[in-house]
Amino acid sequence: MAAAIARTSFGAHPARVLLFVTLAFGVAGIGVFAACDVEPRHRIEPAPVPVLDASAALFTLRWTVDSVSLPSECEARNAAATQITVTTPRNEVFSVSQVDCRAFSASIVLAAGSYEADAVLIDGLGTVVSQSAHVNRFTVVGNDEALRIVDLEPLPAY
């Protein structure tokens, strides 16, 4: 119908011409928007909030890098992340987590029980760039939190 209005009354009635132009651009605009894909390639979802049941507990590890908590120390050591490995008393790996080095803290949900942990700094390729800091055995019970603090020292220069 818009084409018929344009053909028969182009000079006769300016309102019809305006309607035609508006409809034409509106339809073209819809076509452009339909052709554009605005979805990101990888959807980034927020981290889920841990839901603790009565038997779950938290292990929170805080760290310093060479005795300070400055993001510049992570960058100076080429440390992209802190890798935390939690093990059971039988030396079975319970959890391995990697957290941005500059966070200087991480909490891991654990079942009630006894654990040990080790933490190291790693670079973007996963290469260890610090000495390992060991967390001696600790026990958590339901709705409990075990807080430990370690210092991650650089590897010795050779």
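What's the total number of residues in region 96-122 that are exposed (fewer than 15 other Cβ atoms within 10 Å of the Cβ) and either among the hydroxyl-bearing types (Ser, Thr, Tyr) or more than 16 Å from Phe138 (Cβ to Cβ) (or both)?
The total comes to 6.
Residues in region 133-158 that are of a type outside the set (Gly, Ala, Ser) and either surrounded by 14 or more Cβ atoms within 10 Å (Cβ to Cβ) or in a loop (DSSP other than H, G, I, E, B) (or both): how many?
Of the residues in region 133-158, 15 are of a type outside the set (Gly, Ala, Ser) and either surrounded by 14 or more Cβ atoms within 10 Å (Cβ to Cβ) or in a loop (DSSP other than H, G, I, E, B) (or both).
Just the residues that are under 20 Å from Ser105 (Cβ atoms) and either outside the structural domain of Arg102 (by TED's automatic domain parsing) or of a type in the set (Ser, Thr, Tyr) (or both), please, taken from region 121-145.
Within region 121-145, Ser130, Ser132 meet the criteria.
The values are calculated or read from the model by the stated rules, or taken from the named source; none is laboratory data. What you are looking at is a predicted structure, and each value in this text was computed from that prediction instead of being measured. Positions of Cβ are generated from backbone atoms using ideal geometry, with glycine treated the same way; all protein chains shown enter the neighbour counts.
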